[in-house]
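Worksheet: one structure, shown below.
The values are calculated or read from the model by the stated rules, or taken from the named source; none is laboratory data. Keep in mind the model is a prediction, meaning the values are calculated, not measured. Note that we place each Cβ from the backbone using ideal geometry, even for glycine, and neighbour counts take in every protein chain shown. Note: accessible area is taken over every heavy atom of the protein model, side chains too, but ligands, DNA and RNA are not part of it. Shrake-Rupley method; radii C 1.70, N 1.55, O 1.52, S 1.80 Å.
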Amino acid sequence: MTPSQPRAASAPLRLGVLLSGKGRGSNMQALIDATRDGRIPGEVVLVVSTSPEAPALERAAAAGVPTRLLRARDYPTPEALDTALADAFEAAGADLICLAGYMRLLGTAFLSRFPGRVMNVHPGLLPAFGGQGFYGHHVHEAVIASGAKVSGVTLFFVDEAYDQGPIILQRVVPVEEGDTPETLAARVLAAEHAAYPEAVRLFAEGRLQIEGRRVKVLPERQ
C-alpha cells in the first residue's frame, strides 16, 4: 500500500459501512453507537449490503441510518459490483469505509477510489490465522486447535489480498482452559466492539499515517 497522509480532522467524519453476510450487525451497531455518544467525531452516513439476507440492514434502518441494497448477483463481474459500491459511498460523501462482515474481496475498482480509507476488523491476531477461509468460527476453531494461549482482534487497512493490509491496532484476548469456539468468539467480539471505534476515532482525528506495511499512530494534537 502506498504511503498516505493523515486525514485533516477539521470536519466531522462521514462513515460508510459495507457488509454482505448474515451476521447480526453488532460491529456496525458499535460504530453507530460510538458516533452518537461522542467517541467518534462523526456520523454513519450509509450502510450498504450486497445480500438481502443481512439482518444488519434492518438494524441500521431502525437506527435511522440510510441503507442501500446492491445485490451481488445483479452485477456481471466483481469489478462491476465494486464500481457500483464505490459510486454509492462516493455519492454519500463517505470519508472512510468500514467493513463489518463483508466476505468478498475488494479489488482496484473500489480501493482505488478510497486509497487508505477502507478499514476492516479480523477476529484474530494477524498475520496468524488470517487469509481466505479464515473468518468467524473458523478462526476461533483454528486458534483453539493450535494450542495458542492468546487470540485477539486486529484492525487493518484493506488492500487487494485477504487480511494482509497494514495493521492499525491489535488487542489481545486470552484463550482460557476449556474454551470452545463459541466462548472464545464471545470474548473476541466484545474486544472488537471496543477496538473498532477506537481505530475509527484515530482515523477521524487524523492520527493514522500509512508508511509501507506499517501504520504510524501520531500523537494526539494539542
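Taking region 76-106 as the range and being part of a loop (DSSP other than H, G, I, E, B) and either open to solvent by 70 Å² or more (accessible area, probe 1.4 Å) or within 22 Å of residue 134 (Cα to Cα) (or both) as the test, the residues that pass are 76, 100, 101, 102, 103, 104, 105, 106.
Within the group 199, 191, 195, which residue is modelled with pLDDT of 95 or more, hydrophobic (A, V, I, L, M, F, W, C) and either farther than 28 Å from residue 82 by Cβ or in a strand (DSSP E or B) (or both)? Step through it out loud before you land on a result.
Working: 199 fails: either farther than 28 Å from residue 82 by Cβ or in a strand (DSSP E or B) (or both); 195 fails: either farther than 28 Å from residue 82 by Cβ or in a strand (DSSP E or B) (or both).
Exactly one of 199, 191, 195 is modelled with pLDDT of 95 or more, hydrophobic (A, V, I, L, M, F, W, C) and either farther than 28 Å from residue 82 by Cβ or in a strand (DSSP E or B) (or both), namely 191.
Scanning region 131-145 for residues that are within 18 Å of residue 21 (Cα to Cα) and of a type in the set (Gly, Ala, Ser) yields 131, 133, 136. In this structure, residue 139 does satisfy being buried (at least 17 other Cβ atoms within 10 Å of the Cβ), more than 23 Å from residue 95 (Cα to Cα) and modelled with pLDDT of 95 or more. Here residue 206 does not qualify as modelled with pLDDT under 95 and surrounded by fewer than 17 Cβ atoms within 10 Å (Cβ to Cβ). Criterion first (in a helix (DSSP H, G or I), modelled with pLDDT under 95, within 17 Å of the chain's Cα centre (by Cα) and on the phi < 0 side of the Ramachandran plot) does residue 31 satisfy it? For residue 31, the condition - in a helix (DSSP H, G or I), modelled with pLDDT under 95, within 17 Å of the chain's Cα centre (by Cα) and on the phi < 0 side of the Ramachandran plot - is not met.
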